[in-house]
Number of protein chains: 2
Amino acid sequence: MIRWLFCLYPRRNPPIAPSVTNSQPIGIFDSGIGGLTVFSAIKKRLPNETLVYLGDTARVPYGTKSAETVVRYARENAAFLEEKGVKAVVVACNTASAVALADLRKRCRVPVLGMVEPGVHAALAASQAKRIGVVGTRATIASDAYGALLRELHSNAQVVSVACPLFVPLVEEGWLSGEIVEEITKRYCAELEYAQVDTLILGCTHYPLLKDAITKVVGPDVALVDSGEAAAAALAHLIDNEGIAAPQTRSNDSLFVTDVPGQFEAVARRFLGGMMPEVQRVNLGS
Amino acid sequence: MIRWLFCLYPRRNPPIAPSVTNSQPIGIFDSGIGGLTVFSAIKKRLPNETLVYLGDTARVPYGTKSAETVVRYARENAAFLEEKGVKAVVVACNTASAVALADLRKRCRVPVLGMVEPGVHAALAASQAKRIGVVGTRATIASDAYGALLRELHSNAQVVSVACPLFVPLVEEGWLSGEIVEEITKRYCAELEYAQVDTLILGCTHYPLLKDAITKVVGPDVALVDSGEAAAAALAHLIDNEGIAAPQTRSNDSLFVTDVPGQFEAVARRFLGGMMPEVQRVNLGS
């Protein structure tokens with residue numbers, strides 16, 4: 001029995017039953033559709049892995065809700081994925097990562113990976129001046145999860161965090177460019193420009209779709225960190241460290257949602273393109 | 001025993017146990033905070049009545065979710081209010097009114113009043129040309145509940161319905177005026193202007209807070225119908241018809257929410273002003 005320590009990021013999970021290859025799927029959950037940007041990044045990075053995605057569309061969004069409620073929802077989501085026999089859980093939702101990760105790591109039998117730690121590591125690597133901005137939902141920013149970890153890992157880091165509650169509805173409305181998007185982005189990013197950040201963490205899985213609009217406002221010299229991409233890289237590291245990479249032959253991916261699939265399917269097609277697995281509905285909690 | 005028929009709007013509820021006065025409270029529910037505009041309108045119109053308000057803040061919003069899921073949530077909300085001994089239920093949420101009213105009327109033992117019927121009656125009374133606009137959430141507009149009833153009651157009515165998904169987040173962000181609000185309103189209202197509507201139903205309880213911005217765009221000659229105010233008037237009619245008006249002495253109002261009260265309290269103070277009841281948390285379904 002190989003018992004690799006998962007040493008990339010500290011965690012409290014007991015080591016999982018190991019094997020040189022492991023055909024169990026990787027579980028990913030998000031409050032809704034935004035986590036599909038993480039799903040895509042993982043798919044690209046780890047093409048042999050089978051993925052099981054859960055979008056909690058009946059209770060979306062998490063970013064405007066209390067930490068207590070988000071923790072409750074996150075527990076139910078992770079439990080569902082564990083029942084599906086996943087070998088790791090990726091919390092592809094910054095809000096849930098920010099407020100529920102420690103709790104999930106205590107409860108889950110498999111490694112749990114969030115968005116915050118990979119995003120912070122990527123930002124510290126990208127930043128010269130260590131003046132780093134963070135944009136996210138109200139709940140993510142209120143938790144200060146990004147700010148606290150940035151300062152913990154680099155005591156001189158200057159962090160400016162801004163909640164941008166209109167970004168998610170803008171993306172879901174499909175308004176990704178134009179005057180309205182630009183004006184809203186200017187208003188949210190004024191403080192970041194004033195603080196002259198050289199790196200900006202996109203601390204919400206919807207925000208990568210607004211990359212162009214954000215760059216137009218903050219300028220091309222500010223490095224944008226997509227925490228979903230950073231998480232996919234961290235997951236590849238984890239898979240390697242734990243010795244649980246999938247064999248060459250793989251099963252089909254699965255997509256689950258808690259509301260009826262209709263609208264999710266329509267938007268998911270925009271996120272994932274042509275090859276999209278069937279979307280199934282599941283009831284959680286309520 | 002007086003057994004008045006509630007003849008203002010058709011319903012299938014059996015008559016409730018009647019009395020000349022009835023000190024039972026009136027129940028009101030909404031997906032979150034927007035229904036407080038209806039709460040205020042009822043408070044103003046029926047100052048002797050005791051009100052019990054439930055905001056389903058742990059699952060807000062409803063306007064982006066499927067009819068099936070909204071019906072499930074609405075059933076749980078109405079059952080909670082009935083357990084509190086209310087003498088009538090007001091569905092202070094246009095989405096739930098649009099998709100769940102018929103179901104609730106079958107299930108509840110007390111009269112159930114929604115937003116759609118009062119809003120439609122008020123709009124038909126206000127409109128000269130019977131060219132009527134409706135703005136609402138994606139779910140309300142997709143249901144065509146307003147359009148169908150307008151055409152049923154006035155076969156020549158021309159109805160233009162527009163979903164405005166960014167209006168709720170704008171109100172919750174507290175952005176009620178200025179360039180951004182104006183540009184978004186212009187974009188949503190272009191079709192209404194083109195159709196030269198003379199009356200516009202604000203088919204979401206958040207929208208009255210954007211009245212000024214909407215008037216600025218559609219012009220002062222377009223009559224804005226606040227379906228919450230119309231519902232308060234219909235409720236007064238119902239109370240009178242059923243002979244269930246409250247006595248002079250009244251109890252304290254109650255506010256319940258399904259997420260932690262903190263953020264709700266802060267925003268509710270903006271809606272209700274100084275005298276605000278204590279907010280209590282309740283678990284529903286999940």
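Values in this text are rule-based calculations from the coordinates and carry no lab data. Remember, predicted model here, so these are calculated numbers, not experimental data. Ideal geometry is used to build each Cβ from the backbone, glycine not excepted, and the neighbour counts take in all protein chains shown.
Side notes on the structure shown:
- Shielding value for A:252-261 is 2, the average number of Cβ atoms from other chains within 10 Å of each residue's Cβ.
- Placing a pseudo-label 7 Å from each Cα along the Cα-to-Cβ vector at residue A:276 and residue B:282 gives an inter-label distance of 3.8 nm.
- Alpha-carbon Rg/Rh ratio, for the stretch A:92-158, with Rh computed the Kirkwood way: 0.99
- Taking every residue in B:57-68 and counting other chain Cβ atoms within 10 Å of its Cβ, the average works out to 5.
- Both radii come from the Cα set of chain B: Rg as radius of gyration, Rh as Kirkwood radius; their ratio Rg/Rh reads 0.95.
- Here the stretch A:135-286 was treated as a single set of alpha-carbon atoms; its pair distances binned every 10 Å from 0 give 9, 29, 32, 23, 7, 0 percent.
- Inter-chain neighbour count for B:165-174: the average number of beta-carbon atoms from partner chains within 10 Å of each residue's beta-carbon is 4.
- Order by protection proxy (mean Cβ within 10 Å, highest first), peptides B:163-169, B:275-281: B:163-169, B:275-281
- The charge dipole of the stretch B:209-286, taken about its Cα centre with unit charges on the Cβ of Lys, Arg, Asp and Glu (plus for the first two, minus for the last two), comes to roughly 240 debye.
- Estimated vicinal HN-Hα couplings, Hz - the stretch B:30-47 in sequence order (Karplus 6.51, -1.76, 1.60; Gly, Pro = x): 8, 5, x, 9, x, x, 5, 5, 6, 3, 4, 5, 5, 4, 5, 7, 10, x
- At full extension, residue A:194 and residue A:179 could sit 3.3 nm farther apart than now, given 0.36 nm per residue minus the alpha carbon distance.
- Close amide H pairs (under 5 Å, H built 1.01 Å from N) link residue A:254 with A:51, A:52, A:53, residues at least 5 positions away or on another chain.
- In terms of other Cβ atoms within 10 Å, B:112, B:134, A:159 run from fewest to most in the order A:159, B:112, B:134.
- Short to long, the 5 Å bins of the Cα pair-distance histogram for the stretch A:126-206 hold 3, 15, 24, 25, 18, 10, 4, 1 percent of all pairs.
- Cα gyration tensor, the stretch A:59-206 - rounded (a/c under 1.5), prolate or oblate: oblate
- Residues whose placed amide H lies under 5 Å from that of residue A:205, excluding near-sequence neighbours: A:94
- Restriction of the trypsin sites (Lys or Arg not before Pro) in the stretch A:97-179 to DSSP coil positions whose beta-carbon has at most 16 other beta-carbons within 10 angstrom yields A:109.
- Amide H within-cut-off set for residue A:224, under 5 Å, with H built and near neighbours excluded: A:200
- D_trans [Stokes-Einstein, Kirkwood Rh over alpha-carbon pairs] for the protein assembly as shown, 10 °C, 1.306 mPa s, µm² s⁻¹: 63
- 3J(HN,Hα) from dihedral phi, the stretch A:53-70, Karplus parametrisation 6.51/-1.76/1.60, rounded to Hz, x for glycine, proline: 10, 10, x, 7, 5, 6, 10, 4, x, 8, x, 9, 9, 6, 4, 4, 5, 5
- The fewest-to-most ranking of A:23, A:155, A:161, B:97 by surrounding Cβ atoms within 10 Å reads A:155, A:23, A:161, B:97.
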